[in-house]
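Presented below is the structure to which this report refers.
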Amino acid sequence: MNSNGVVEWAVVESDIGPLLLAATDAGLVSVVFHARPAVRDRALAQLRDRLGAEPVESPGSARLAEPIRQFAAYFAGTLRDFSLDLDWSLTSGFNRQVLRELSEGVPYGTVAGYGDLAGRAGQPGAAQAVGAAMGSNPLPVVVPCHRVVERDGGIGGFGGGLETKRQLLALEGVLPPPLF
């Protein structure tokens, strides 16, 4: 058992499909897209391995109440900035540095390039490493890796799939809503 003790989780519905939210004593630790049973079970096994604690399903948890409320408000268009305690224990080193920079420096309705973010994190030549950091982001949406795009205007990759990235950018007014 790690110092975080219990990991509580719940699956919530959203405009981009079911999301698994998991939290420790320290805060929200994981957000997983497309959390249907197979994906959910894989995510829970990874949490168990990486955090050394048995995840407990707890949809009514006080620890998850605020993340669930803020996600609902974000998808309703009434919340632009998440203000949640975050548990950064699933990321470290350069990845954590880049994700923190992203979290603090790329506000709602804006985008940044991979290279731009690398420069802000003090590693100007590390655009590809930034891409890897985005791919390993344990807290997507809250730590807005969907706001990182290619310099030439390409949308870039996304762990949740490009359609999900487009939907999030449309929600924030960066892209026009999909026509169909």
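The values are calculated or read from the model by the stated rules, or taken from the named source; none is laboratory data. As the structure is a prediction and not an experimental result, all values here were calculated from the model. Don't worry about glycine lacking a Cβ; one is built from the backbone with ideal geometry, like all the others, and counts go over all protein chains shown. Heads up: the accessible areas ignore ligands, DNA and RNA and are worked out on the full protein's heavy atoms, side chains in. Shrake-Rupley method; radii C 1.70, N 1.55, O 1.52, S 1.80 Å.
Laid out as a table, the results:
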| read-out | value |
| --- | --- |
| Test set (1) in a strand (DSSP E or B); (2) farther than 22 Å from residue 135 by Cβ - residue 66 fails condition number | (1) |
| Strands (runs of 3 or more DSSP E) wholly inside the stretch 8-58 containing at least 1 residues that are in contact (Cβ under 8 Å) with a residue 12 or more places away in the chain, open to solvent by 20 Å² or more (accessible area, probe 1.4 Å) and not polar (S, T, N, Q) | 27-32, 55-57 |
| Residue selected from the stretch 146-180 under the condition of a type in the set (A, V, I, L, M, F, W, C) and in a helix (DSSP H, G or I), by the criterion surrounded by the fewest Cβ atoms within 10 Å (Cβ to Cβ) | 162 |
| Scan of the stretch 76-87 for residues that are outside any strand (DSSP E or B), in contact (Cβ under 8 Å) with a residue 24 or more places away in the chain and within 14 Å of the chain's Cα centre (by Cα), ordered by number | 81, 82, 84, 85, 87 |
| Hits in the stretch 132-180 - residues which are of a type in the set (Phe, Trp, Tyr), out of contact with any Ser or Thr (no Cβ under 9 Å at 6 or more places or on another chain) and closer than 22 Å to residue 42 by Cα | none |
| Residue match in the stretch 29-40 (condition: charged (D, E, K, R), out of contact with any Leu (no Cβ under 9 Å at 6 or more places or on another chain) and either modelled with pLDDT under 95 or farther than 25 Å from residue 156 by Cα (or both)) | no |
| Condition met for residue 71 (within 17 Å of the chain's Cα centre (by Cα), in a helix (DSSP H, G or I), surrounded by 12 or more Cβ atoms within 10 Å (Cβ to Cβ) and aromatic (Phe, Trp, Tyr)) | yes |
| Which numbered condition residue 96 fails, given (1) buried (at least 20 other Cβ atoms within 10 Å of the Cβ); (2) within 17 Å of residue 30 (Cα to Cα) | (1) |
| Matching residues, the stretch 96-122, being among the aliphatic types (A, V, I, L, M) and free of Cβ contacts under 8 Å to residues at least 40 places away in the same chain | 98, 112, 117, 118, 121 |
| Qualifying positions in the stretch 36-89 - hydroxyl-bearing (Ser, Thr, Tyr) and more than 14 Å from residue 9 (Cα to Cα) | 74, 78, 83, 89 |
| Options 143, 130: the member that is touching a residue at least 12 places away in the same chain (Cβ under 8 Å), part of a loop (DSSP other than H, G, I, E, B) and open to solvent by less than 20 Å² (accessible area, probe 1.4 Å) | 143 |
